[in-house]
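Below is one structure, written out as structure tokens; comments come after it.
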There are 2 protein chains.
Amino acid sequence: MKPMSEYDTEAKVSAAESAALELAQTSNETRSDGLRAIADAILERESEILEANEKDVAEAEAMLEAGEYSQALVDRLKLDSTKLESIAEMVRSVADQEDPLGKTLAARELDQDLELYKVAVPIGVLGTVFESRPDALVQIAALSLKSGNSVILKGGSEALHSNRVLYDIIEEVTADIADGWVQLIEAHAEVDAVLEMDEQIDLLMPRGSTEFVQYIQDNTKIPVLGHTEGICHVYVDDAADLEMATDIAFDAKVQYPAVCNAVETLLVHEQVAESFLPEMVEQYESADVEVRGDERTREIVDVNAATASDWETEYGDLIISVKVVEELPEAIDHVNTYGSKHTESIVTENADSAAKFMQSIDASSVFHNASTRFADGYRYGLGAEVGISTGKIHARGPVGLEGLTTTKYYLEGDGQLVATYAGDNPRPFTHEEFDGEWVPGTRSRN
Amino acid sequence: MKPMSEYDTEAKVSAAESAALELAQTSNETRSDGLRAIADAILERESEILEANEKDVAEAEAMLEAGEYSQALVDRLKLDSTKLESIAEMVRSVADQEDPLGKTLAARELDQDLELYKVAVPIGVLGTVFESRPDALVQIAALSLKSGNSVILKGGSEALHSNRVLYDIIEEVTADIADGWVQLIEAHAEVDAVLEMDEQIDLLMPRGSTEFVQYIQDNTKIPVLGHTEGICHVYVDDAADLEMATDIAFDAKVQYPAVCNAVETLLVHEQVAESFLPEMVEQYESADVEVRGDERTREIVDVNAATASDWETEYGDLIISVKVVEELPEAIDHVNTYGSKHTESIVTENADSAAKFMQSIDASSVFHNASTRFADGYRYGLGAEVGISTGKIHARGPVGLEGLTTTKYYLEGDGQLVATYAGDNPRPFTHEEFDGEWVPGTRSRN
């Protein structure tokens, strides 16, 4: 294994910047072939990868015995043949995705022989800091290559040896596409250096805990694609199908409680609270969910008391808070006050109430008669998921490869001057949209 | 005139936040009618506006005599009947623009009766800090209302009295649409407070000098829509039509040298330098343009010497630097090194060279055989221009009303649970795009 020089961060980022210009000109075929070569090399070099991974696992197990790490962390870290096969398959599925680049998003004739095209292009240089699963490194590198972006990778230190081998493989088999497009950093000092490089790095994609993402957002001027927390609600309207409401509220909490799109607070219209809550609570308790209710809830069912802080807590666990509301506006107001603008759901057979709820709630996803757990790039059909954004700028909600692109305007003229279109007798613009595509080298009209 | 309580910034921003939720639910008709009411009121209350403006102008003239202000500033500040008419017309033209909200950007069936819609919605609360022209306040307020966003306005202190009256008019005639959607702040302390409110304010749109925009970017965590500088190039290729090249390079510098899309450096292929430069320099000099050339340029024409700092200077004036390059890659390299990623143009009859230049240059707009001065929202046919972005995230290049929107996912189901689509025998998603539009209240499929 080649030694890593850990502190030449500027040289690494600078190399990534140059490579980004090259990468932007590669074809989808070249980038996808590169991805398939990565998948092949991962399978071919299995023993080398597993050997490095064993070192990480051994070190992690020592930490586990010392009480520093959890068993879950050790499990996530561990690779085997089957996991490597699924990693290779994931890389191939990214290769098979539609090309996110080169699409003409708008074509407009400004005047005769003066044509403007808005085209999807890579963003440039991405910075990523991610958790200890070694497959995260491969996934992020794959998404970056497919979208034509250079990427600076910083994985968890627990996966140091695994990450080095995986990085070496990726770097080696794709160096001829754009040398330097992928860079590995390891030291914390390098992360701090990266956070300062807002002139060189175009977008940061941190993955990890809420606190971690918040830390990144607070310590950089680089735009961050990520989400900080998910406080999601299910509102059971007075016109709800109560059986449906029970199933949705159960699924939204129990199917996978640790994730950001799980429900944390259930809001129940007072008209249906008495018929709905007993059965709901019974179901929750049968699945070991702790229910915490407000005063009105506790008049109906015997559960723990919810305090004000419950409304603003992302449990990420088998706990749910319940509040009885007088009417729809109170539910909307509660969600807009305590929600994290992630995903919200109303259960109702009343179309007007659904419309009102969906329009009034300020969140990236608002559902009608469906579980909040559907908020996810794969389920949304976006292909590979880059992340989920709770920000409103650039990308919002589950983000696919499109979120790793920006746009560029191409203008094809035959000598037009602005002076012709200004002054006392200006020539008018035609400004007509047309179906058209910017194809390099064929739009010359001379 | 009502007194302004200058330091309740939080209350103002909080009112704007609440109003944003209301504004998001208004129809295009309501917002456009509000704009027409603003236009009418501006004309009706002409004397009141001009009276306030006279105070600003008188104060500015005193500052002019004291040598503090320039005549240009005083001129920009001054309103009269004709200017008010053109301001009213501008507001009406924003009213007439297509609705930027509510458009369904994607519709996808995830499974039978489970339909996902991606819909354009307002961003929320905009913060703006702008120059001393009082028409800027009206324009920014108009763009915000049309796009359903609340807005915090901070104008130049030179226009204090004019801004207060214009703000009062806007606030009064639109209060019934969403009370509190428009807020005026005046003190510098309030600007500092606003820059800190990254939880409440979704996007900042500063307008002014490069240094000013840079200051804002350096002092806030709120995303900033704006541009810092424009170092634009025209490259005259060996296959250029030299007469066209002369006209384009002249227009790009002389037609309006103070603006960001004017050319600062001319790059000339060595094969055509001798035939191109003498005539070009003669034209520039006839228009009082100072030409600064590199060594090879000065072997051909008698001009001042360009130093290394010229390549990175936005003159914003009748000065241009000229460099002779050996070949296309050197031109590309120079632009990618010194350009500000704003607007770049190649003049050539060779389609391959054009394609190479356009793809290799990392800039928001790249032109072929056209003046850099075309980079502008009006000329691009975007309707009202919100600003020009040299950032790559969210919006890039000239930005229309679309740049003041984000998206929201609406999911319409009939009780679907994620558990059905997970586990050992998962139901597959259909993931089929369809032509469809989310219309509030009519998508209920029960």
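Read-outs throughout are calculated quantities, based only on the coordinates presented, and are distinct from any laboratory measurement. Predicted model only: the values in this text are computed from it and were never measured. With ideal geometry, Cβ positions are generated from the backbone for all residues, glycine too; neighbour counts draw on all protein chains shown.
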Given Cα pairs under 8 Å that are at least 6 residues apart, what percent is the relative contact order of chain A? 18 percent
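Kindly rank A:196-208, A:295-307, A:157-169 from highest to lowest mean number of other beta carbons found within 10 Å of each residue. Please report the intermediate quantities before stating the final value.
Numbers: A:196-208: 19.2, A:295-307: 15.7, A:157-169: 21.8.
So the order, starting with the most tightly packed, is A:157-169, A:196-208, A:295-307.
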Within region B:215-236, what residues put their amide N at less than 19 Å from the label point 7 Å along the Cα-to-Cβ vector of residue A:196? B:218-220
One decimal, nm, shortest first: give the distances between the label point of residue B:36 and those of the same position in the other copies, each label point 7 Å from Cα along Cα→Cβ. 6.0
Percent relative contact order for region A:232-374, counting Cα pairs under 8 Å at least six residues apart, stands at 33 percent
Could you size up the charge dipole of chain B around its Cα centre, putting +1 on the beta carbon of Lys and Arg and -1 on that of Asp and Glu, and report it in debye to the nearest 20? 1180 debye
Roughly what angle does helix A:9-23 make with the longest principal axis of chain A, taking Cα atoms, 0 to 90 degrees, to the nearest 10? 70 degrees
How large is the helix-only mean residue ellipticity at 222 nm for chain A, computed as the sum of -39500 (n - 2.57) over DSSP H runs with n ≥ 4, divided by its residue count, in deg cm²/dmol to the nearest 500? -12500 deg cm²/dmol
Percent antiparallel among DSSP beta bridges confined to chain B, nearest 5, equals 35 percent
Region A:9-218: antiparallel bridges as % of DSSP beta bridges, rounded to 5, reads 35 percent
Once both labels are modelled 7 Å past Cα along the beta-carbon direction, what's the residue A:75-residue B:90 spacing in nm? 6.2 nm
Look at the axis of the rotation that sends chain A onto chain B, then give the chain A residue with the nearest Cβ and the distance in whole Å. A:394, 2
What is the average number of partner chain Cβ atoms found within 10 Å of a Cβ in B:413-426? 6
For residue B:434, place a label point 7 Å from Cα along the Cα-to-Cβ direction in every copy; what are the distances to the other copies, in nm, shortest first? 3.4
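State to the nearest 20 debye the size of the charge dipole of region B:346-446 about its Cα centre, where the only charges are +1 on K and R beta carbons and -1 on D and E beta carbons. Walk me through the numbers on the way to the answer.
Numbers: 9 positive and 13 negative charges, 63 e Å.
Here region B:346-446 has a charge dipole of around 300 debye.
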Roughly how tilted is helix B:160-174, in degrees to the nearest 10 and between 0 and 90, from the longest Cα axis of chain B? 40 degrees
Evaluate the distance, in nm, between pseudo-label points positioned 7 Å from the Cα of residue B:282 and of residue A:209 along their respective Cα→Cβ axes. 7.4 nm
Treating only the Cβ atoms of Lys and Arg (+1) and Asp and Glu (-1) as charged, compute the dipole magnitude of the protein assembly as shown about its Cα centre; round to the nearest 20 debye. 560 debye
Inter-copy label distances at residue A:299, 7 Å along the Cα→beta-carbon direction, one decimal in nm, shortest first? 9.4
Which of the lysines could a cross-linker bridge to residue A:221, judged by Cα under 22 Å and excluding same-chain residues fewer than eight apart? A:12, A:154, A:392, B:221, B:341, B:392
Excluding same-chain residues fewer than 8 positions from residue A:103, which aspartates and glutamates have a Cα within less than 13 Å of its Cα? A:402, A:435, A:437
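What percent antiparallel are the DSSP beta bridges of the protein assembly as shown, to the nearest 5? Present the calculation step by step, with values, prior to reporting the outcome.
Numbers: 38 of 122 bridges.
Of all bridge pairs located within the protein assembly as shown, approximately 30 percent are antiparallel.
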